[in-house]
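Here's the structure, in structure tokens; my notes come after.
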Amino acid sequence: MLQSHSAATTDVAVRGRRRSLALGLLAVWGPGLIVMLADTDAGCLITAAQSGAQWGYSMILPQIVLIPILFMAQEITVRLGIVTGKGHGVLIREHFGLGWGMVSAGTLLVSAVGALLTELAGVAGVGELFGVSRWITVPVVTVLMLSLAFTGSYRRVEKIGIAVGLAELAFIPAMIMAHPHLGDVTRGLGTLPLGQHSYVYLLAANVGAVVMPWMIFYQQSAVVQKGLKPSALKAERRDTAVGSIVTQGIMIVVIVAFAATVFKANRSAPLNTVGQLVGGLQSAIGSVDARVLVGAAILGGALVAAIVVSLAGSWGLAEVLGWKHSLNDRLNRRNYKFYAVYALAHVAGAAIVLASLDLVNLAVDVEVMNALLLPIVLGFLLLLERKALPPEHRMRGLYRGIVTTLCLIVMGFGLYMVPSTLGL
């Protein structure tokens, strides 16, 4: 009897420790996962579809190479936010002055506004798949986004964003149903046609789709909003690592799905609307399945990204200008400027999208623009890592060398793309 009671007590204790561990992870995890799900937004999914349709499996290897670069860049933002307790804009203003702070805020706003337009255009495109006018879907989503931010709880926003963003996984069954050939995938991994301008342009779009200004601002502000302490660093790094693998995995899934269908059957097929993206897959997986799976994935990516990019832009501007900007505080006289910027971004974005846009071309162009902004974004990130962090939290030795080298390569790639993008 005593042994039975002891065993039961031990079992309860073990379950209690497991429950405490799970709750502890949930308290810390979130910023990395939501920002990575937002990274695979409507624009990125469309860029991946274009990559697979035009160049087959040859764009898979760059996606794999970009995983550690994505993690390393976002891991720096995690340390900056948790150790200093300050957002990215605040640190730039403090260490480089208001002028450079405004430069960083301008870079952020250009990236965030461009991304928000693609998200709302993605929502409009998904609605039209099912016969719902953009004059209904875009205003409804705009109202929902505004209502969500005004709830006075960052954690609630984060949970809803992650739940919605997981709809991107709908591309997995679409890829399986497309029946990609393993041999073709293997050969594609060894193919890099860097001598082709259109390939390099799409490659730039994919690089720009990985590390974006609004991601850095968002994740750093998010860990501050959650009040995470240095003891949470390891857990938040794991959160970021898992998110990096998930987001790049989704990009690869989309590339494979379109390489196995459009690239194989009709690579010249137009992909200028969400409907045409569905059309590219429907011959392989069926019309209904294509609409449901593609629609769910793009809608999920668009909604989670709309939350993240608009918050990142509002947070970043508020940080640089010294405005109150906590999402945990309801609208009041001290923080109305922050909420006004957030609301204005959504209303203006909705108005522009309702004027009708070419979603696919806009999406690719926005991602290329992000690649051009990378020298500024990663430059500030590396400088802040040296200036804002105490010595015990800075990168060391070989790891520092690897991170700096990879960031410089990506920055150089962004600079390399400037002449060709401007047609020089």
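The values are calculated or read from the model by the stated rules, or taken from the named source; none is laboratory data. What you see is a predicted model, and the numbers here were worked out from it, not measured in a lab. Methodologically, a virtual Cβ is constructed for each residue, glycine included, from the backbone with ideal geometry; neighbour enumeration extends over all protein chains shown. The protein model used for the area step is the full one, side chains on, heavy atoms only, and it has no ligands, DNA or RNA in it. Shrake-Rupley method; radii C 1.70, N 1.55, O 1.52, S 1.80 Å.
Okay, here's what the table says:
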item	result
Selected residue (only one of L281, L277, L293 is under 21 Å from I250 (Cβ atoms) and at pLDDT below 85)	L277
Filter result for L80 (farther than 11 Å from W214 by Cα and open to solvent by less than 20 Å² (accessible area, probe 1.4 Å))	yes
Looking only at region 383-394, and only at residues there that are free of Cβ contacts under 8 Å to residues at least 40 places away in the same chain and part of a helix (DSSP H, G or I), the one that is nearest to V211 (Cα to Cα)	R386
Given (1) part of a helix (DSSP H, G or I); (2) open to solvent by less than 50 Å² (accessible area, probe 1.4 Å); (3) over 30 Å from I285 (Cβ atoms); (4) not aliphatic (A, V, I, L, M), number of the condition K234 does not satisfy	(2)
Selection count where residues are of a type outside the set (D, E, K, R) and touching a His at 6+ places or on another chain (Cβ under 9 Å), scope region 322-338	2
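For (1) more than 27 Å from R187 (Cα to Cα); (2) open to solvent by 30 Å² or more (accessible area, probe 1.4 Å); (3) at pLDDT below 90, each residue gets a yes or a no:
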{"position": "V242", "(1), (2), (3)": "yes, yes, no"}
{"position": "T247", "(1), (2), (3)": "no, no, no"}
{"position": "I250", "(1), (2), (3)": "no, no, no"}
{"position": "V253", "(1), (2), (3)": "no, no, no"}
{"position": "K264", "(1), (2), (3)": "no, yes, yes"}
